[in-house]
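First up is the structure itself, then whatever we jot down about it.
The values are calculated or read from the model by the stated rules, or taken from the named source; none is laboratory data. What you see is a predicted model; the values in this text were computed from it and never measured. So basically every Cβ, Gly included, is an ideal-geometry build from the backbone, and we count neighbours across all protein chains shown.
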Amino acid sequence: MTHTFTRTFPRTFIAALAASAALVAPPAQAKDDDVELVTCSESLGTIAVVDGDTQGWSEFGLGSPRALVNALASESGCFTPHSAAGGEPADFLMNIVAGTSEEVDQSIELAKSAAMEGLVRSGAASSVLSSVPGAGAVLGMFGGFGGKKKRYAAGIKLLSPANGLTIVTGSGEVRKSTIDFGGGAAWDAGADAAGYARDKKGRMLVEAFVIAFNNVVAQRDTIASVPRMAAASAEPEYATVRVATSLFEMPSAEAKALRSLGVGTTLTPTGRREGLFIEAEDNFGTKGWVSIESLD
């Protein structure tokens, strides 16, 4: 029996769903469906890779795949691994999970919007998506492995650091690895760094992560539309005078005193230091040197 969902899901929604399906279509595969790492002409932003709630790699005797995923990001040119030394926050958190298909299926979100989520929960997704060309890739990316046994899977959730919400997800599953190692492939360095290249299950997870990563990048338009986090304004650090002293012209107690400093006076350090003296500025803009032994 054929059901019509136009009352619950109008044509405008179906059109939007079709557009969504086109947006998340997986990258074209090489001949014979060989897996290739997607490439980008410019980075979509910086990422901080974090382990997710399903860490199946530990059950396989493997370490975290963070090094692998960071390598995929660098080799593809699609993301830039975040460096804390820069002082700027990462644009995205990349939450990674792996394990059996069933485990990853439970962890990866099935929908990226309330509308899609409504489709999935209503049971209408299969019927509606079947009428949208290419839309089957949507559920494939977000999980939906459907009880397949002895398959290993990887999932990636791209999160906003600002609110923790998922922006896009991607997943991949492998029953038997089909990719080569040691031939200069884009994933070689990451697989070696993570210790996956020498292990059968590790090699399968490498391929699964490549597929998941490709599926994330396929949604680059959605990713690019997300506002970036602004660098947090650095809170000024204050120093409080603990014992009465003076603000000196030079970093020496023998130097000329610019003004006296009473107990409780607050100063703003400039970051410069000479021995036991730091340069600081008072509330009136007077800048000089004060001994740290006189400060809290």
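Would you point out the residue of region 42-56, among those that are in contact with a Gly (Cβ under 7 Å, 6 or more places away or on another chain) and among the small types (Gly, Ala, Ser), that is surrounded by the most Cβ atoms within 10 Å (Cβ to Cβ)? Looking at the filtered set, the residue picked out is Gly56. Filter region 63-103 down to the residues that are in a loop (DSSP other than H, G, I, E, B) and surrounded by fewer than 19 Cβ atoms within 10 Å (Cβ to Cβ), then identify the one that is modelled with the highest pLDDT. Per the stated criteria, the residue is Gly77.
Against the conditions (1) at pLDDT 90 or above; (2) within 15 Å of Ala153 (Cβ to Cβ); (3) charged (D, E, K, R), Glu42 satisfies every one except (2).
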